[in-house]
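The values are calculated or read from the model by the stated rules, or taken from the named source; none is laboratory data. Source: prediction; values computed, not measured. All Cβ positions, glycine included, derive from the backbone under ideal geometry; neighbour counts span all protein chains shown. Heavy atoms of the whole protein, side chains included, go into the accessibility calculation; ligands, DNA and RNA do not. Shrake-Rupley method; radii C 1.70, N 1.55, O 1.52, S 1.80 Å.
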Amino acid sequence: MHELGVTFHVMDHVEKVAEENHVSRVHKVTLELGEVSTVIESYLQSCWTWAAKKRPLFHECELIVEKLPAVTYCEDCEKTYSTIEHGKICPHCGSEHTYLLQGNEFNIKEIEVE
């Protein structure tokens, strides 16, 4: 389960930003999570809840996860489509000359502080 490592990485980064800005409490962290990022949201939430109790800066801090849809681009017909629904083969022209445009992101979008 790499979600615990991801949680620690996010918290470490937020702690650094909080220290630089003289913040004593973080109320909410919003993450953008791509549909095909390999991070399982329910595991991430569980790890966050556990880890937040161990770090004073995050006591009762809420984690919000915003899902970003996976979108694939076809180089042959130059159209985009839903990656989850159609996979690597373009539903418009049947080409396999495709690549993922978005959907594997994992970004810290917002940090709400006291």
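Values for this structure:
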| quantity | calculated |
| --- | --- |
| Residue tally, condition open to solvent by 50 Å² or more (accessible area, probe 1.4 Å) and outside any helix (DSSP H, G or I), over segment 84-93 | 5 |
| Any chance Glu35 is among the charged types (D, E, K, R) and in contact with a Pro (Cβ under 7 Å, 6 or more places away or on another chain) | yes |
| Sole residue being in contact (Cβ under 8 Å) with a residue 24 or more places away in the chain and either open to solvent by 40 Å² or more (accessible area, probe 1.4 Å) or more than 18 Å from Ser37 (Cβ to Cβ) (or both), chosen from Tyr81, Tyr99 | Tyr99 |
| From the options Ser82, Ser42, Ser24, residue that is polar (S, T, N, Q) and more than 21 Å from the chain's Cα centre (by Cα) | Ser24 |
| Matching residues, segment 4-31, being more than 15 Å from Gln45 (Cβ to Cβ), part of a helix (DSSP H, G or I) and β-branched (Val, Ile, Thr) | Val14, Val17 |
| Those residues of segment 60-81 which are out of contact with any helix residue (DSSP H, G or I) (no Cβ under 6 Å at 6 or more places or on another chain), in a strand (DSSP E or B) and closer than 30 Å to Val113 by Cβ, in sequence order | Glu62, Ile64, Glu66, Lys67, Leu68 |
| Odd one out for Lys54, checked against (1) open to solvent by 90 Å² or more (accessible area, probe 1.4 Å); (2) assigned to a strand (DSSP E or B); (3) charged (D, E, K, R) | (2) |
| Flag if Lys109 is touching a residue at least 12 places away in the same chain (Cβ under 8 Å), in a strand (DSSP E or B), touching a Ser or Thr at 6+ places or on another chain (Cβ under 8 Å) and open to solvent by 60 Å² or more (accessible area, probe 1.4 Å) | yes |
